[in-house]
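The values are calculated or read from the model by the stated rules, or taken from the named source; none is laboratory data. Given the structure is predicted, the values throughout are model-derived calculations rather than measurements. Here the Cβ is made from the backbone with ideal geometry for all residues, glycine too, and neighbour counts use every protein chain on show. SASA here: full protein model, heavy atoms, side chains in, ligands and nucleic acids out. Shrake-Rupley method; radii C 1.70, N 1.55, O 1.52, S 1.80 Å.
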Amino acid sequence: MSKVILSIIGTAQDGGLPHPNCFCENCKCAIKDPNFRRTASALAIVLPQEKEWHLIDATPDLKEQMGKVQLKYHLEGKIMRNIFLTHAHMGHLPGLLLLGKEGINSKHVPVFAGTKMKNLLVNNAPWSLLTKLSNILIKELKNNEPIHVDSLFTVTPILVPHRNEFSETFAFWINGPNKRVLYIPDIDQWEEWDLDIVEACKKADICLLDGTFHSPKDLSHIKRDIGEIPHPLMTTTMEKLQHLTSQTTIYFTHLNHSNPTIDPDGQERKELLKRGFFIAEDGLEIII
Ligand SMILES: [Zn+2]
Ligand SMILES: [Zn+2]
Ligand SMILES: [Zn+2]
């Protein structure tokens, strides 16, 4: 029987862990201990029997993430069949360049992107070379229109509010034969969304949600103002969704290096687990 595996290949905010030029406790620990490192948020959807895989978001860590997926699932030399992009920020897009002539030199890999993202990729260097040389083939995502990737699963883009300087931002529903997964790595605030996160969460079996910041304390020690980088706080999200933890498995991902729940022995992590929520880990796999 064919199965569909959702492989969580990255769980950090765009800058990763360690974060460049940061020496907070989490970053120092990650510099010294490779097991403590986290790569930028991304997912692979793997069909082991069909020997195929699909990618959601092309991070700056794609080279490493891709190698791990290919080795783990015996897909050596097998390039991803499709790429789906959430938005144009630096944690979600630059890995696309690895498909170019100086890298893999791929042929016609379908890249699903929103209209603004498509324009960005087609009209601006260095991205434009990828379409000119047919390394990629851009296909347009339309809000709420499911893509029937094959008979086993669908990917449905949902627009979310996020500081959209260069592109629109999508979340994705990934519906496998057995489970419905809602993936929202980046969103400004739940209240600004035209959908209700509580209702969306009720429809999901598994949620992977924006866990960039735990509380306003996160950034105080590195002198960045939380107001200039809006994300829903984990503490707020937990209050909103607390009553759903018995029916939906809720993971946090896209963790900023300053987030105290990164520390598996920390008080904040223990409290989160006690409340019935989970932290996504690089390499975690879920059969959907
Ligand atoms: Zn991000
Ligand atoms: Zn740090
Ligand atoms: Zn972003």
How many residues of the range 193-218 are open to solvent by 30 Å² or more (accessible area, probe 1.4 Å), more than 16 Å from P157 (Cα to Cα) and modelled with pLDDT of 95 or more? The answer is 3
Do we find that F23 is crowded, with 21+ Cβ neighbours inside 10 Å and either assigned to a helix (DSSP H, G or I) or away from ligand 3 (no atom under 16 Å from the Cβ) (or both) in this structure?
-> no
Mind checking whether some residue in the range 129-140 is in contact with a Ser or Thr (Cβ under 8 Å, 6 or more places away or on another chain) and within 16 Å of ligand 1 (Cβ to nearest atom)?
-> no
Just a yes or no: is a residue in the range 9-20 of a type in the set (D, E), surrounded by fewer than 20 Cβ atoms within 10 Å (Cβ to Cβ) and out of contact with any helix residue (DSSP H, G or I) (no Cβ under 6 Å at 6 or more places or on another chain)?
-> no
Any hit, the range 102-120, residues being within 16 Å of ligand 2 (Cβ to nearest atom) and either closer than 15 Å to H54 by Cβ or within 16 Å of the chain's Cα centre (by Cα) (or both) = no
Here is a list of conditions, (1) under 17 Å from H54 (Cβ atoms); (2) open to solvent by 50 Å² or more (accessible area, probe 1.4 Å); (3) touching a Gly at 6+ places or on another chain (Cβ under 7 Å), and P146 meets all of them except one; can you say which number that is?
-> (3)
Could you check, for the range 263-271, whether at least one of its residues is touching a Gly at 6+ places or on another chain (Cβ under 7 Å) and either on the phi > 0 side of the Ramachandran plot or outside any loop (DSSP other than H, G, I, E, B) (or both)?
-> no
Within the range 26-45, is there a residue that is of a type outside the set (A, V, I, L, M), within 16 Å of ligand 3 (Cβ to nearest atom) and over 18 Å from the mean Cα position of the chain (by Cα)?
-> no
Quick one: which of T59, T154 is among the polar types (S, T, N, Q), within 16 Å of ligand 1 (Cβ to nearest atom) and either touching a helix residue (DSSP H, G or I) at 6+ places or on another chain (Cβ under 8 Å) or open to solvent by 10 Å² or more (accessible area, probe 1.4 Å) (or both)?
-> T59
Report, ordered by the first and then the second residue, all pairs with beta carbons closer than 6 Å, sequence separation of six or more or different chains, a first member in the range 82-106 that is within 18 Å of N124 (Cβ to Cβ), and a second member that is within 16 Å of ligand 2 (Cβ to nearest atom) and open to solvent by 10 Å² or more (accessible area, probe 1.4 Å).
-> H89/D14; M90/D14
Is there a residue being within 16 Å of ligand 1 (Cβ to nearest atom) and either hydrophobic (A, V, I, L, M, F, W, C) or on the phi > 0 side of the Ramachandran plot (or both) anywhere in the range 106-114?
-> yes
In the range 26-47, how many are more than 11 Å from ligand 2 (Cβ to nearest atom), open to solvent by 10 Å² or more (accessible area, probe 1.4 Å) and polar (S, T, N, Q)?
-> 2
